[in-house]
1. Any chance you could run the full-extension gain for residue 2 through residue 195? It's 0.36 nm times the residue separation minus the Cα-Cα distance, nm to one decimal.
2. At a 10 Å Cβ-Cβ cut-off, how would you order 8, 205, 71, fewest neighbours first?
3. In nm, give the distance between the simple-model label positions of residue 49 and residue 80, each being 7 Å from the Cα along the Cα-to-Cβ direction.
4. Points 7 angstrom from Cα along the Cβ direction at residue 73 and residue 149: gap in nanometres?
5. What FRET efficiency comes out for the pair residue 61/residue 210, r = Cβ-Cβ distance, R0 = 22 Å, nearest 0.05?
């Protein structure tokens, strides 16, 4: 099962609106696809119930303990459930809940929020290059990908998180620091990153250029948001 990081920039007034009504967070990250695409037949549900626990276990085995525990909590299961039918049932329920939530979002009207980006699966490795840690770390570079203030319900692998406009500006400045890209390249260490369980793994194949491209994406995103005086929401899903 893939875990992808997404970011959306919003006006400060929109942030205030969502802080007052956290259930609106879902609308920031809903894809523009027909709800019918999420309907599943009994046969497909059976396949998901049977096959997805193996995929989930494979992803969990590459995660550090704290992130692994967070993912298990998001599905409402424990370690002992991974080899039982409970894991498949929990995943099917998660998909059904997600489809229902997207159905509500699809009925909402109005213009979309600000510019959004996706780091796909590069988020964890890029976070490590920024701060040298697998988990959130102090300072703007350690917060840029995995930091922020949690808000709303679980959207897949925990709630969304937000940065105020002031925090966004601080992160943007840190990401523009002279010589930072050279520091990131020097920190790339496939063996060390594998030992830390950084997602998605395969660091001897997924080279540093992939992560540097993600760095450029997130650096430019924060710079544009800061220039516009915007706040930022992010989520792992």
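Every read-out reported here was derived from the displayed coordinates using simple, explicitly stated rules and does not represent laboratory data. Source: prediction; values computed, not measured. Counting neighbours? That spans all protein chains shown, and the Cβs are built from the backbone with ideal geometry, glycine included.
1. On the way: separation 193, 0.36 × 193 = 69.48 nm, distance 2.00 nm.
Separation in residues times 0.36 nm, less the Cα-Cα distance, equals 67.5 nm.
2. Going from sparsest to densest Cβ surroundings: 205, 71, 8.
3. 2.2 nm
4. The two pseudo-label positions are separated by 1.9 nm.
5. Numbers: r = 21 Å, r/R0 = 0.97.
Result of the calculation: an efficiency of 0.55.
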